[in-house]
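Notes follow the structure.
The values are calculated or read from the model by the stated rules, or taken from the named source; none is laboratory data. Just so it is clear, the model here is predicted, and its values are computed rather than measured. As a convention, Cβ positions derive from the backbone with ideal geometry for all residues, glycine included, and neighbour counts pool all protein chains shown.
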Amino acid sequence: MNVNVEEKLFQNRYKVDHGRPHISIINPAVCSAECKTQQCTQVCPANCYKAEGNGSVSLITDGCLECGTCRIICDDFRNVDWDYPRGGYGILFKFG
Amino acid sequence: MEKFDAIVVGAGPSGNAAAYTLAKAGLSVIQIERGEYPGSKNVQGAILYSDALERIIPEFRDEAPLERHIIEQRMWVLDDDSYIGTHYRSDAFNQVPYNRYTILRTQFDKWFSEKVSQAGAMVICETTVTDLIMDGQRVVGVRTDRENGDVFADIVILADGVNSLLAKKAGFHPELNPGDVALAVKEILFLPQETLESRFNVKEGEGVVIEMIGKITQGLMGTGFLYTNNESLTIGVGCMLSDFKEARIPPYLMLEMMKNHPAIKPLIEGGEMKEYTAHLIPEGGLKAMPQVYGDGWMIVGDSGMFVNAVHREGSNLAMTTGRLAAETVLELKQAGKDMSKSNLAAYRTRLDDSFVMKDLSKYKDMPGIFHANPQFFTTYPELVNNAAKTMLTVDGVDKKSKEREILKSFTSSRSLLGLMGDAYKMWRALR
């Protein structure tokens, strides 16, 4: 089964803080060279992390649901710098 | 520099309960919320248990935005194309005062926050607290992302949710363990009210909840749920993060497959999806609970791991811990005592005397047992479904032989010793 999570995220309301992502990968070389499993690319519920063809991991936080999964499952390398967006920015749940 | 009696970080159920209780008693309270409006960052199933809120706002039923009161609870154990389960429906649940309701958190939290403002607290939104301000070992205030955004108070109540970043940054507790949190994803599906009511056999205002366990979580430790709101259904699934990490299954894929289960699909058919959300639930229980108070600070709600995962209770523990933290502060203020760690130990005493710690103590071994015994989520759902199928299929085979076949299926997949061991483990964990 194929699921397009972008279609789901399209239903959500966001106020994106352009140019100020609230999450970043601390050292991209760790993802490509040391992390064999790259679980963030599978488990992030908004599919913000993508496994690129060259073995690296890219991150775009625009669709982030601010759950915290990526930070906690990166417990082998602690390679995710995770903060909340600035006040008022990020996901704005309509129903919660 | 303005100083308050109390700062409350976060406007979810625990923060609102704390801020409301403090402000109502006349203390100067500032509550800081990072969302555009209270509720805009908050996610829950969501079931509201009346009792916890009634102890804070007795008249809430007349004012709060509630969806449906629950008159029927279904528990399903699912195999790939079947389920076996129990339904409990009672007219006693249809008599006022109702015991539980479905709610939509953004609407409910907005209402609760208005009550907090009316009680006299200053509620500041669109403001993220970035750090705790320390004086030595003592928390004396918070730093926000606003200009000149430092705020000071005698006590800081951390109601900042499951990620609990502030206490972590301050070194009060370590990062969450993937084995101590569940990741849940859900969708809200809108349906015409009449369709929903006929599909679930309820009248206006009446609701049904379905809790599910089994193959829908694809071997991972977790549960699924389907709740009826006024004109919508909430469907979701959640599993331990450690299991997600290992299995590397996209949670939205798991949810989509669950929505296509032959027992579930007809119930949600035609539903228009209007929001997709994800949230972590702190399910580590008592053994994973951090220190919840110290000099000048207290933790309430999800931030302190106050969730009873076995009974799917969280918001009631959140409101109760928020209220108990506030009552501790009020008691100390009245006695002229300061908010030192030793004085705030009274919070722990209040927690211990309440259902919160009694329930968490009762189930302290459950997370570990479920972790170590995945058969509860895979083998058993399959076995009981097959047993029902065998007994209920009329095919000329005599019932005694069918019983033997079922017993054999149990002992061959789980051995007699394994079965007895599992029964013992459950008994130990639940007694």
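What to note about this one:
- Matching residues in the range B:282-298 - criterion: being outside any loop (DSSP other than H, G, I, E, B) and either surrounded by fewer than 24 Cβ atoms within 10 Å (Cβ to Cβ) or away from chain A (no Cβ under 14 Å) (or both): B:286, B:287, B:288, B:293, B:294, B:297, B:298
- Positions within the range B:165-206 being more than 14 Å from chain A (Cβ to nearest Cβ), crowded, with 19+ Cβ neighbours inside 10 Å and not hydrophobic (A, V, I, L, M, F, W, C), in sequence order: B:197, B:206
- Residue ID - farthest from residue B:179 (Cα to Cα), chosen from residues in the range B:218-240 that are of a type in the set (A, V, I, L, M) and either out of contact with any strand residue (DSSP E or B) (no Cβ under 7 Å at 6 or more places or on another chain) or not in a loop (DSSP other than H, G, I, E, B) (or both): B:233
- Single residue of B:94, B:99, B:148 found to be surrounded by fewer than 20 Cβ atoms within 10 Å (Cβ to Cβ), at positive phi and not β-branched (Val, Ile, Thr): B:148
- Residue match in the range B:153-164 (condition: surrounded by fewer than 17 Cβ atoms within 10 Å (Cβ to Cβ) and either of a type outside the set (Ser, Thr, Tyr) or outside the structural domain of residue B:295 (by TED's automatic domain parsing) (or both)): no
- Yes/no for residue B:301 being buried (at least 24 other Cβ atoms within 10 Å of the Cβ), in the same structural domain as residue B:132 (by TED's automatic domain parsing), under 13 Å from residue B:18 (Cα atoms) and not β-branched (Val, Ile, Thr): yes
- Residue in the range B:250-267 that is more than 10 Å from chain A (Cβ to nearest Cβ) and at positive phi present: no
- Exactly one residue among B:209, B:162 is touching a residue at least 12 places away in the same chain (Cβ under 8 Å), in contact with a Pro (Cβ under 6 Å, 6 or more places away or on another chain) and either away from chain A (no Cβ under 14 Å) or under 15 Å from residue B:281 (Cα atoms) (or both), and that residue is B:162.
- Residue that is surrounded by the fewest Cβ atoms within 10 Å (Cβ to Cβ), among those in the range B:304-319 that are part of a helix (DSSP H, G or I) and out of contact with any Asp or Glu (no Cβ under 9 Å at 6 or more places or on another chain): B:315
- Members of the range B:288-314 found to be over 22 Å from residue B:42 (Cα atoms) and in contact with a Pro (Cβ under 7 Å, 6 or more places away or on another chain), listed by number: none
- Taken together, B:313, B:269 contain a single residue that is of a type in the set (Asp, Glu) and under 15 Å from the mean Cα position of the chain (by Cα), which is B:313.
- Selection from the range B:26-45 of residues that are within 10 Å of chain A (Cβ to nearest Cβ), surrounded by fewer than 24 Cβ atoms within 10 Å (Cβ to Cβ) and aliphatic (A, V, I, L, M): none
- Scanning the range B:327-369 for residues that are loosely packed, with under 15 Cβ neighbours inside 10 Å and aliphatic (A, V, I, L, M) yields B:335, B:345.
- Those helices (runs of 4 or more DSSP H) of the range B:1-96 in which 1 or more residues are among the aliphatic types (A, V, I, L, M) and not assigned by TED's automatic domain parsing to the domain that holds residue B:267 occupy B:13-24, B:50-54.
- Residue ID - surrounded by the fewest Cβ atoms within 10 Å (Cβ to Cβ), chosen from residues in the range B:247-265 that are in contact (Cβ under 8 Å) with a residue 24 or more places away in the chain and part of a helix (DSSP H, G or I): B:247
- Count of the range B:168-201 residues which are among the β-branched types (Val, Ile, Thr) and touching a helix residue (DSSP H, G or I) at 6+ places or on another chain (Cβ under 8 Å): 2
Matching residues to (1) at pLDDT 95 or above; (2) closer than 27 Å to residue B:385 by Cα; (3) in the same structural domain as residue B:383 (by TED's automatic domain parsing):
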| position | (1), (2), (3) |
| --- | --- |
| B:189 | yes, no, no |
| B:207 | yes, yes, no |
| B:212 | yes, yes, no |
| B:219 | no, yes, no |
| B:229 | yes, no, no |
| B:232 | yes, no, no |
| B:235 | yes, yes, no |
| B:245 | yes, no, no |
| B:249 | yes, yes, no |
